Amino acid sequence: MSVVVHWCESSPYGPSLEFLCHAANMGVVRAFAKQAEAMKEPTKGDRVNSRHPLAAVAERHPSELLWRPVPPDDVNPYPDPESPEWEIGAKGARDFRAADVLRYNSTYEAAQERRRERRRHGRQE
């Protein structure tokens, strides 16, 4: 018996991600989430019944993790299960998140450097 699981996570760094997976069991879904380095582990409560519109999308990609960015401040990410398109694969989600964390860290470090420069200039005068 297979399961379809849909869950969203919140990222403190930037875009959050929405995940969808059709797999043999919850163990496989959790393994995909771990490979993607998801911030939230899927639970049985995240299962979707077979009549849900997202189930049709997930069933076209069995045993693969589907993901897409969630727009900021959106409770119901996308009313249309097909749009925007889902990306396929845990590696893509992990790379997307890593790029986002890198962007956040470089912005934070640049802001710290600007503060240090302002302090140096303020002391010299």
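May I ask you to give the percent of accessible area on the chain that is carbon plus sulfur, with a probe radius of 1.4 Å? Write out the running numbers ahead of the final one.
Details: 4110 of 7990 Å².
Carbon-and-sulfur percentage of accessible area, whole number: 51.
If I take every Cα pair under 8 Å that is 6 or more residues apart in the chain, average their sequence separation and divide by the length, what percent do I get for the relative contact order?
27 percent
Compare the Cα positions of Trp86, Ser11, His52 along the charge dipole of the chain (+1 at Cβ of Lys, Arg; -1 at Cβ of Asp, Glu; about the Cα centre) and return the one farthest towards the positive end.
Farthest along the dipole direction, towards plus: Ser11.
How many Å² of accessible area per residue for the chain, probe 1.4 Å?
Values: 7990 Å² over 125 residues.
Value returned for the chain: 64 Å² of accessible area per residue.
Extension gain Met1-His121, at 0.36 nm per residue separation less the Cα-Cα distance, in nm?
On the way: separation 120, 0.36 × 120 = 43.20 nm, distance 6.70 nm.
Full extension of this stretch gives 36.5 nm more.
Suppose every K and R has +1 on its Cβ and every D and E has -1 on its Cβ; what is the size of the dipole of the chain about the Cα centre, in Debye to the nearest 20?
On the way: 19 positive and 19 negative charges, 138 e Å.
Computed about the Cα centre, the dipole is about 660 debye.
So what's the projected area for the chain, the Cα convex hull averaged over all directions, in nm²?
Its average projected convex-hull area is 9.1 nm².
The values are calculated or read from the model by the stated rules, or taken from the named source; none is laboratory data. What you see is a predicted model, and the numbers here were worked out from it, not measured in a lab. Every residue, glycine among them, receives a Cβ derived from its backbone with ideal geometry; neighbour counts consider all protein chains shown. With ligands, DNA and RNA removed, areas are computed over all heavy atoms of the protein, side chains included. Shrake-Rupley method; radii C 1.70, N 1.55, O 1.52, S 1.80 Å.
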